[in-house]
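Participant: Structure incoming, see below.
The values are calculated or read from the model by the stated rules, or taken from the named source; none is laboratory data. Owing to the predicted nature of the structure, the values given are computational and were not obtained by experimental measurement. Note that each Cβ is placed from the backbone with ideal geometry, even for glycine, and that neighbours are counted across all protein chains shown.
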Amino acid sequence: MAELELVCADASALINILGSGVPEEILESIRGRIVVTNQVFREVKRCPFEGEKIFRPLIPLREGGFLEVVELDQASLEVFISLVGAVPPDDLDDGEASTIAYGVFHDGAVVVDERKGRRICRERFPQLRTICSLDLFRMYFERCGSNFERCRSALRSAIERTRMHIPHDYRVWTEAILAGSAVTEANAKVHGSKYSARSRTPERCHPIPK
Amino acid sequence: MSVLEKISSVELGSRLKMARNAVRVTQEEAAAAIGVGRTTIVAIENGERQVRPSELAKLAELYRVSVNSLLRETAVHFDLVPQFRRSLSAREDQGASLEAANTLQKLVALSVELERLLGRKWNAISFPEYRILRSGWQERAEDLAAEIRQRLGIGSGPIANIFVLVESGLGVRLFIQRLPSKISGVFAYHDEIGACILLNSVHPVERRSWTCAHEMAHFLTNRYAADITWTEKHNHNLEERFADRFAAAFLMPSSVLRLRYSEISEESGKFSPKDLVFLAYSFNVSVEAMGRRLEQLGLLPEGTYDSLVRRGFSVKVANELFGLQASAAGNFIPRLTWLALEAYQRGLLTGGQVADMLGLDRISVRSLAESLLASELDDEVH
């Protein structure tokens, strides 16, 4: 996978990043431009999150230029409406729909965690690069791996504080990391696990961009 | 054809109007938010002009609803609020009344929508409506409570969990959500939807149980009059007094209560405040409700509870001294939550949609799904 120039994150991903306790570091490790739509920013900012310690860095992240909040233009809005107004169960919530709509028109990668959102991406926008929160954490490990303990603590924090869901494809890797394995060792475990023989193979996971 | 062309302009206009009214935004304010004249808002709400995507996004933001909830094909939009006309006009505090009525309407609509999405049917149970007669209404309330208990097959013992009983035994749609603190509960009935009760989640479980039984009486005696129950007694007309007496009799049947009272009094030689607390706990009601019920049945002299309070009796302190825990009667997961989680589990709803529907944040939805669905949430990523 080529360098990610533009990453558009859904509310779920943004919450996980904030839950890590080191959002600046994770966002910086992505290197490309990181955006969230106005709809996503509003969702994460509004009550009952307000006052929660882990969500306090949200505004500073924006002010510090780590995160850009974008408005949907006319073309994206049309796609957004087509996604939120699709016939159930193919409709999406405002946050995911706006993230996908923005990604479609700006040639970016979208970070979508939800099973339903990922299915709709696959079906309606097969060309759209779709990654998940764990991909961002893996990038962080690759690029900040020298401080492994700090990375591991960020991953643990996201899982414990924001209940970040670990998709099936990432279980082996996550468990290995949390158990203390080095990144290369964890990657090897993924490829060597019996799970890789099944249809949902880790080979199909996005490789970490160098 | 775009989504906005497909959806009926009249339907969407009506949904926008309901959403605007729910947050009490004027047509002028809405017009200013999207940079048009008031007449354009009128035309949009009447279905005479199609709303544009950018306008819809701005109006949804102003009305604090998601665009998804306005456009969702399965979304159910009906107006229960007019049924509350009597409550809304009778009290000064119309803001709280309107908030409660709107909350119930939203929850009922979501419940029906989820049932449709999942292909589930709500099993409404047919109960006749009973007339309240002015003469002998106390005895009638006692008799009706006994009759309903018999129909439900629950005997005359304490009710372990009235919420489950009301939902599954009476076929009432029951919701528990935060309401203005001065409101205990809300009741409404709709021919197509059935009976709906909303209880204030902020109130202690014993109070919620009482309110639930009180609202049951409205369902059984005057179901077409939507009702809001307040913490302070206002306009205590015959219907309200009947509902209170029914609640007392339903939660604390006289026959069993007299027997328990006699047993306790005989064993310890007298009936003390500790016995009152213990009895209240065993019936899952508040100490005050138990005290007043014993007075009502003539087992304690009238005014005993007030006198105890005046003399410094504190339920909180008594609970601490006895090491009593809050009763388990609050262990109730509303059907709406179950339905939403099932839709989430089946990939029919996203976490964001569930959060929007249940009024929760995403982390709470994740925690709920984690604990209630466990490993079944396993999914494919790529």
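Participant: Any residue at all in segment A:196-203 that's modelled with pLDDT under 90 and more than 11 Å from chain B (Cβ to nearest Cβ)?
Facilitator: Scanning segment A:196-203, I find at least one residue that is modelled with pLDDT under 90 and more than 11 Å from chain B (Cβ to nearest Cβ), so the answer is yes.
Participant: Same structure again: Among residues belonging to segment B:173-211 that are without any contact (Cβ under 8 Å) to a residue 60 or more places away in the chain and in contact with a Gly (Cβ under 7 Å, 6 or more places away or on another chain), point out the one that is nearest to B:Phe242 (Cα to Cα).
Facilitator: Across segment B:173-211, the extreme among qualifying residues is B:Thr211.
Participant: Okay, next question. Would you be able to say whether some residue in segment B:358-381 is over 17 Å from A:Arg163 (Cβ atoms), at pLDDT below 90, within 8 Å of chain A (Cβ to nearest Cβ) and assigned to a helix (DSSP H, G or I)?
Facilitator: There is no residue in segment B:358-381 that is over 17 Å from A:Arg163 (Cβ atoms), at pLDDT below 90, within 8 Å of chain A (Cβ to nearest Cβ) and assigned to a helix (DSSP H, G or I).
Participant: Sort out which residues of segment B:241-296 are surrounded by fewer than 17 Cβ atoms within 10 Å (Cβ to Cβ), free of Cβ contacts under 8 Å to residues at least 40 places away in the same chain and touching a Gly at 6+ places or on another chain (Cβ under 8 Å), and write them in order of number.
Facilitator: B:Glu295, the sole residue that qualifies.
Participant: Could you list all residues from segment B:108-129 that are over 11 Å from B:Gly194 (Cβ atoms) and part of a loop (DSSP other than H, G, I, E, B)?
Facilitator: B:Gly119, B:Arg120, B:Lys121, B:Pro128, B:Glu129
Participant: Given (1) buried (at least 24 other Cβ atoms within 10 Å of the Cβ); (2) within 12 Å of another protein chain (Cβ to nearest Cβ), identify the lone condition not met by A:Asp90.
Facilitator: With (1) buried (at least 24 other Cβ atoms within 10 Å of the Cβ); (2) within 12 Å of another protein chain (Cβ to nearest Cβ) applied to A:Asp90, the lone miss is (1).
Participant: Counting only residues that are facing chain B (nearest Cβ under 9 Å) and more than 28 Å from B:Ala343 (Cβ to Cβ), how many does segment A:98-114 have?
Facilitator: Adding up the residues that qualify gives 0.
Participant: Right, next: Take B:Phe271 and decide whether it is among the hydrophobic types (A, V, I, L, M, F, W, C) and not in a helix (DSSP H, G or I).
Facilitator: yes
Participant: Of everything in segment B:47-61 that's of a type outside the set (Asp, Glu), within 11 Å of another protein chain (Cβ to nearest Cβ) and over 33 Å from the mean Cα position of the chain (by Cα), which residue is surrounded by the most Cβ atoms within 10 Å (Cβ to Cβ)?
Facilitator: For segment B:47-61, the residue satisfying everything is B:Val51.
Participant: Considering every residue within segment B:199-212, establish whether at least one is under 17 Å from B:Glu129 (Cβ atoms) and not assigned by TED's automatic domain parsing to the domain that holds B:Leu358.
Facilitator: So far as segment B:199-212 goes, no, none of its residues is under 17 Å from B:Glu129 (Cβ atoms) and not assigned by TED's automatic domain parsing to the domain that holds B:Leu358.
Participant: Quick check on my filter: what residues within segment B:20-35 are within 25 Å of the chain's Cα centre (by Cα) and surrounded by fewer than 20 Cβ atoms within 10 Å (Cβ to Cβ)?
Facilitator: Listed by number, the residues that qualify are B:Asn21, B:Ala22, B:Val23, B:Arg24.
Participant: Further, regarding this structure: Which numbered condition trips up B:Leu16, out of (1) more than 14 Å from every other protein chain (Cβ to nearest Cβ); (2) within 29 Å of the chain's Cα centre (by Cα); (3) touching a residue at least 40 places away in the same chain (Cβ under 8 Å)?
Facilitator: (1)
Participant: Hey, can you tell me all the residues within segment A:20-36 that are among the small types (Gly, Ala, Ser) and within 14 Å of the chain's Cα centre (by Cα)?
Facilitator: A:Ser20, A:Ser29, A:Gly32
Participant: Moving to a separate point now. Can you tell me which residue is farthest from B:Trp338 (Cα to Cα) among those in segment B:93-114 that are of a type outside the set (A, V, I, L, M, F, W, C) and in contact with a helix residue (DSSP H, G or I) (Cβ under 7 Å, 6 or more places away or on another chain)?
Facilitator: Ranking the qualifying residues of segment B:93-114, first place goes to B:Gln94.
Participant: Name, by its number, the condition in (1) more than 7 Å from chain B (Cβ to nearest Cβ); (2) touching a Ser or Thr at 6+ places or on another chain (Cβ under 8 Å); (3) surrounded by 15 or more Cβ atoms within 10 Å (Cβ to Cβ) that does not hold for A:Gly95.
Facilitator: Answer for A:Gly95: the failing condition is (1).
Participant: Moving on. Mind checking which helices (runs of 4 or more DSSP H) fall wholly inside segment A:54-162 and carry at least 3 residues that are within 16 Å of the chain's Cα centre (by Cα)?
Facilitator: Answer list for segment A:54-162: A:94-106, A:115-124, A:133-143, A:148-161.
Participant: For segment B:130-165: of the residues being in a loop (DSSP other than H, G, I, E, B) and among the aliphatic types (A, V, I, L, M), which is surrounded by the most Cβ atoms within 10 Å (Cβ to Cβ)?
Facilitator: B:Ile159
Participant: Another one. Scan segment B:1-33 residue by residue and report those that are β-branched (Val, Ile, Thr) and within 24 Å of B:Glu73 (Cβ to Cβ).
Facilitator: B:Val3, B:Ile7, B:Val10, B:Val23
Participant: Determine which single condition A:Gln127 fails, assuming it passes every other condition in (1) within 18 Å of A:Ser29 (Cα to Cα); (2) away from chain B (no Cβ under 14 Å).
Facilitator: In the conditions (1) within 18 Å of A:Ser29 (Cα to Cα); (2) away from chain B (no Cβ under 14 Å), A:Gln127 misses (1) alone.
Participant: Please specify each residue of segment B:129-152 satisfying the condition of being farther than 13 Å from B:Ala247 by Cα and in contact (Cβ under 8 Å) with a residue 60 or more places away in the chain.
Facilitator: Those that are farther than 13 Å from B:Ala247 by Cα and in contact (Cβ under 8 Å) with a residue 60 or more places away in the chain: B:Glu129, B:Tyr130, B:Arg131, B:Ile132, B:Arg134, B:Trp137.
Participant: Tell me, please, whether a residue that is part of a strand (DSSP E or B), touching a strand residue (DSSP E or B) at 6+ places or on another chain (Cβ under 8 Å) and either modelled with pLDDT under 95 or of a type in the set (Lys, Arg) (or both) can be found in segment A:21-33.
Facilitator: Yes, segment A:21-33 contains at least one residue that is part of a strand (DSSP E or B), touching a strand residue (DSSP E or B) at 6+ places or on another chain (Cβ under 8 Å) and either modelled with pLDDT under 95 or of a type in the set (Lys, Arg) (or both).
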